[in-house]
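Read the structure below first, then the notes.
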Amino acid sequence: AQSVTQLDSQVPVFEEAPVELRCNYSSSVSVYLFWYVQYPNQGLQLLLKYLSGSTLVKGINGFEAEFNKSQTSFHLRKPSVHISDTAEYFCALVSGGYQKVTFGTGTKLQVIP
Amino acid sequence: GAGVSQSPSNKVTEKGKDVELRCDPISGHTALYWYRQSLGQGLEFLIYFQGNSAPDKSGLPSDRFSAERTGGSVSTLTIQRTQQEDSAVYLCASSHGTVGGYEQYFGPGTRLTVT
């Protein structure tokens, strides 16, 4: 069985400060990992994804994530957040060639002016 | 090209009534997913269609929920005898699988309110 854990349900951070949103996963086979963002009253959109290759993945809006196989983690980072980054962020995985996607419970990022 | 569309965008229904929610995926996408997002909750997987294979219904919360996908394209999620706890936003997503790197494209959702 596969699972995704986002331990932080809410993360408040001041504008222009760095942020890290944590994601850990569990899977017995190889995985593909994703971060999706949901802005208020909007649908989800892809922020970035890891399929293979370099473990540091860069996405839209200055976000990046690092795949760490030994730690089974895929944490999302941004060096300096803006008010517009206020949203809910979901970590997700696909494993074993099966397209069913498992989502984490989401982390609400609240950027404080 | 057009993205994933869902209709209606909002639906208010009385407890006990049946509702149908529609999803039009991106043309050519082989995989289609339904999720439910309740207030303050994450994404709850409901059902997954992949090509002509039997759907994965493991997430459907009760036998009041069913879904079909006709012709490998449009999908309808049906909720019979709606209950107040069914109130949520129902999201549909489609994917091109390996070709698209498993990226899911989400529709705007249908907000269902059961009174």
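Structure above, values below:
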read-out: Sequence of A:VAL29, A:VAL81, A:VAL101 once ranked by neighbouring C-beta atoms within 10 Å, starting from the fewest; value: A:VAL29, A:VAL81, A:VAL101
read-out: Local net charge near B:ARG36, Cβ-Cβ under 9 Å (Lys/Arg +1, Asp/Glu -1); value: -2
read-out: DSSP-loop trypsin sites (Lys or Arg not before Pro) across the stretch A:11-70, with at most 15 other Cβ within 10 angstrom; value: A:LYS69
read-out: Whole-number Å³ per residue for the convex hull built on Cα positions in chain B; value: 98 Å³
read-out: Of the GluC sites (Glu not before Pro) in the stretch B:1-69, those whose Cβ has at most 14 other Cβ within 10 Å and which sit in DSSP loop; value: B:GLU14
read-out: Percent RCO, i.e. relative contact order, over chain A, from Cα pairs under 8 Å lying at least 6 residues apart; value: 37 percent
read-out: Across A:LYS58/B:LYS57; A:LYS78/B:LYS11; A:LYS49/B:LYS11; A:LYS69/B:LYS57; A:LYS100/B:LYS15; B:LYS17/B:LYS57, pairs whose alpha-carbon gap is larger than 26 Å; value: A:LYS58/B:LYS57; A:LYS78/B:LYS11; A:LYS49/B:LYS11; A:LYS69/B:LYS57; A:LYS100/B:LYS15
read-out: Against the rule of thumb 2.2 N^0.38 Å, how large the Cα Rg of the protein assembly as shown comes out; value: 1.02
read-out: Length-normalised contact order for chain B - Cα pairs under 8 Å, 6+ apart - percent; value: 37 percent
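Here, each number is a calculation from the coordinates, and none is a lab measurement. In this text, all values refer to a predicted model and were calculated from it rather than measured experimentally. Here Cβ is always computed from backbone atoms with ideal geometry, including for glycine, and neighbour counts include all displayed protein chains.
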